[in-house]
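Enquirer: Below you will find the structure I want to go over with you.
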């Protein structure tokens, strides 16, 4: 979805000499969320240096700033760019020093606003601060659905940025956008691959975003998987490497992508696509959990704590953990359940791995027939966020926490959730167009109401560096 910007909007090339002074980047009251990572300004002694730079907006995403720059400071050891809606900045973009000119993206900016920024370079000799400069972002793209924001306790919110994608295509348009929202619920990034977007996941180095369509039936030739640079200027269509992929993907620390794809026995295979394009089948879902009927795998997650994969099977109402070499570790709930203790009914979608023995589950709580024709068994009066704690010695499961909206929000298709670092939980009732952030006691802090359905979610404190899950 290309904004109405026919050319790169360049600022003039600037060669400036600045005499740095010690200063700290103070959060700007107008900046929603912090795109952080990479140092604070003004550490150590102050030095003078020259900066030469060009600044532009991406021709694909009018809220992404592109700064290319050099400095006369010798032996630069670290650098970053402070930016924000005022001269107190409040947002920080880290700089990759591997090649010159240094190439840095300003991410997380709102449309149609003027942003201030300054370059900061550091060496063993000290810190050099560039002068304040400005960059005006472009308008929001056509076709982005309206979002209503209702906040009851702003001070308790996590903030940060929400990644997702529009699950259905708007009438009269081609495809639907992936998008990123800031803490105010404003669009700060968007991209259209020509298909719906069920999942948007950033790479571990923060330079790319992986986008895929839902392809709910797992049709071999209907997968739509793209790897897009965060400036939107490079779009790799890798769909051929992900034949049959559907629902959602997980990006691993080595940039391997774990995903599920339709298998030959009416049950999905769990696969990995390595960074060199090699695709390996880890295990078939039915083989892993021991079911006998059809399968409907709808979520794959990576457990960093023990280097394993977890997948959710809606039809068999279970979650299975396997090693990356294909060994079954355990099956929780459903037909192959290996645990005593607490269980749930009504199917599930999203998973958030908290630790090897603790996970969150979006329990759809569906009643009657669900995908695959099996009985849901739930009450059908509202989907439930569950936290399950596992005792791997006694092989018992305990429900440690749960949340059900009042009145209930019954979300039978899709659904996701994530525990945030401050203890809040964000819950996505995807096809009901509602997203809630609640605190540990279940108090609703903020509600986002979408005019359309959206896919799986990822909430991040920053748009730079490794993902939170």
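The values are calculated or read from the model by the stated rules, or taken from the named source; none is laboratory data. All figures in this text were calculated on a predicted structure; none of them were measured in a lab. In this analysis, Cβ positions are derived from the backbone assuming ideal geometry, glycine residues included, and neighbour counts consider all displayed protein chains.
Enquirer: For segment 317-326: of the residues being touching a residue at least 24 places away in the same chain (Cβ under 8 Å), in contact with a strand residue (DSSP E or B) (Cβ under 6 Å, 6 or more places away or on another chain) and over 18 Å from residue 342 (Cβ atoms), which is surrounded by the most Cβ atoms within 10 Å (Cβ to Cβ)? Can you show your working first?
Expert: Going residue by residue through segment 317-326, those that are touching a residue at least 24 places away in the same chain (Cβ under 8 Å) are 317-320, 322, 324-326.
If we keep only those that are in contact with a strand residue (DSSP E or B) (Cβ under 6 Å, 6 or more places away or on another chain) too, we end up with 318-320, 322, 326.
Cutting the leftovers down to over 18 Å from residue 342 (Cβ atoms) gives us 322, 326.
Working: 322: 22, 326: 15.
Looking at the filtered set, the residue picked out is 322.
Enquirer: Hey, among the residues in segment 260-275 that are over 22 Å from residue 412 (Cα atoms) and at pLDDT 95 or above, which one's surrounded by the fewest Cβ atoms within 10 Å (Cβ to Cβ)? Explain how you work it out, then say what you get.
Expert: The first filter runs over segment 260-275 and keeps only residues over 22 Å from residue 412 (Cα atoms), leaving 263-265, 269-275.
Imposing the further condition that a residue be at pLDDT 95 or above reduces the set to 269-274.
Numbers: 269: 23, 270: 26, 271: 24, 272: 18, 273: 21, 274: 14.
Looking at the filtered set, the residue picked out is 274.
Enquirer: Right, here's the next one. Which residues, counting only those in segment 426-457, are within 20 Å of the chain's Cα centre (by Cα), in a loop (DSSP other than H, G, I, E, B) and either more than 23 Å from residue 168 (Cβ to Cβ) or in contact (Cβ under 8 Å) with a residue 24 or more places away in the chain (or both)? Walk me through it before giving the result.
Expert: Just the residues of segment 426-457 that are within 20 Å of the chain's Cα centre (by Cα), to begin with: 426-438, 446-450, 452-457.
Going one step further and asking which of them are in a loop (DSSP other than H, G, I, E, B), we end up with 433, 452-453, 455-457.
The answer is 452, 453, 455, 456, 457.
Enquirer: Just checking, which of 277, 336 is in contact with a helix residue (DSSP H, G or I) (Cβ under 8 Å, 6 or more places away or on another chain) and within 17 Å of residue 395 (Cα to Cα)? Walk me through it before giving the result.
Expert: On the way: 277 fails: within 17 Å of residue 395 (Cα to Cα).
Result of the check over 277, 336: 336.
Enquirer: Confirm whether residue 257 is touching a helix residue (DSSP H, G or I) at 6+ places or on another chain (Cβ under 7 Å) and at pLDDT 95 or above. It would help to see each step written out before you state the result.
Expert: Values: touching a helix residue (DSSP H, G or I) at 6+ places or on another chain (Cβ under 7 Å): no; at pLDDT 95 or above: yes.
In short, no.
Enquirer: Test residue 423 against the criterion of being at pLDDT 95 or above and either part of a loop (DSSP other than H, G, I, E, B) or in the same structural domain as residue 353 (by TED's automatic domain parsing) (or both), and give yes or no.
Expert: It is true that residue 423 is at pLDDT 95 or above and either part of a loop (DSSP other than H, G, I, E, B) or in the same structural domain as residue 353 (by TED's automatic domain parsing) (or both).
So that you can scan it fast, the table gives a plain yes or no per residue for (1) closer than 18 Å to residue 363 by Cα; (2) under 26 Å from the mean Cα position of the chain (by Cα); (3) crowded, with 23+ Cβ neighbours inside 10 Å:
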| residue | (1), (2), (3) |
| --- | --- |
| 278 | no, yes, no |
| 284 | no, no, no |
| 289 | no, no, yes |
| 297 | yes, yes, yes |
| 306 | no, yes, no |
| 314 | yes, yes, yes |
| 328 | no, no, no |
| 337 | yes, no, no |
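Enquirer: Does residue 279 satisfy the condition of being modelled with pLDDT of 95 or more and closer than 14 Å to residue 199 by Cβ?
Expert: no
Enquirer: For residue 210, state whether it is in a strand (DSSP E or B), modelled with pLDDT of 95 or more and over 23 Å from residue 273 (Cβ atoms).
Expert: no
Enquirer: Exactly one of these conditions fails for residue 376: (1) more than 24 Å from the chain's Cα centre (by Cα); (2) modelled with pLDDT of 95 or more. Give me its number.
Expert: Among (1) more than 24 Å from the chain's Cα centre (by Cα); (2) modelled with pLDDT of 95 or more, residue 376 violates only (2).
Enquirer: Just to be sure, is residue 167 in contact with a helix residue (DSSP H, G or I) (Cβ under 8 Å, 6 or more places away or on another chain) and crowded, with 22+ Cβ neighbours inside 10 Å?
Expert: Yes.
Enquirer: List the strands (runs of 3 or more DSSP E) inside segment 85-180, counting only whole elements, that have at least 2 residues being more than 30 Å from residue 445 (Cα to Cα) and over 25 Å from the mean Cα position of the chain (by Cα).
Expert: Per the criteria, 114-123, 126-129, 133-136.
Residue by residue, here is whether (1) touching a strand residue (DSSP E or B) at 6+ places or on another chain (Cβ under 9 Å); (2) on the phi > 0 side of the Ramachandran plot holds:
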residue	(1), (2)
104	yes, no
108	yes, yes
111	yes, no
118	yes, no
121	yes, no
125	no, no
130	yes, no
137	yes, no
141	yes, no
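Enquirer: Considering only segment 402-422, I want to know if a residue exists there that is over 24 Å from the mean Cα position of the chain (by Cα) and touching a residue at least 60 places away in the same chain (Cβ under 8 Å).
Expert: For segment 402-422, residues over 24 Å from the mean Cα position of the chain (by Cα) and touching a residue at least 60 places away in the same chain (Cβ under 8 Å): absent.
Enquirer: Still on this structure, I have one more. Is it true that residue 223 is in contact with a helix residue (DSSP H, G or I) (Cβ under 6 Å, 6 or more places away or on another chain) and not in a strand (DSSP E or B)? First the steps, then the outcome.
Expert: Details: in contact with a helix residue (DSSP H, G or I) (Cβ under 6 Å, 6 or more places away or on another chain): yes; not in a strand (DSSP E or B): yes.
The answer is yes for residue 223.
Enquirer: Could I ask something else about it? Identify all residues within segment 291-316 that are in a loop (DSSP other than H, G, I, E, B) and in contact with a strand residue (DSSP E or B) (Cβ under 7 Å, 6 or more places away or on another chain); write none if there are none.
Expert: 295, 296, 305, 314
Enquirer: In a loop (DSSP other than H, G, I, E, B), surrounded by fewer than 19 Cβ atoms within 10 Å (Cβ to Cβ) and either assigned by TED's automatic domain parsing to the domain that holds residue 301 or free of Cβ contacts under 8 Å to residues at least 60 places away in the same chain (or both): is that true of residue 197 in this structure?
Expert: Answer is no for this residue.
Enquirer: Filter segment 181-194 down to the residues that are outside any strand (DSSP E or B), modelled with pLDDT of 95 or more and farther than 20 Å from residue 434 by Cα and list them by number.
Expert: none
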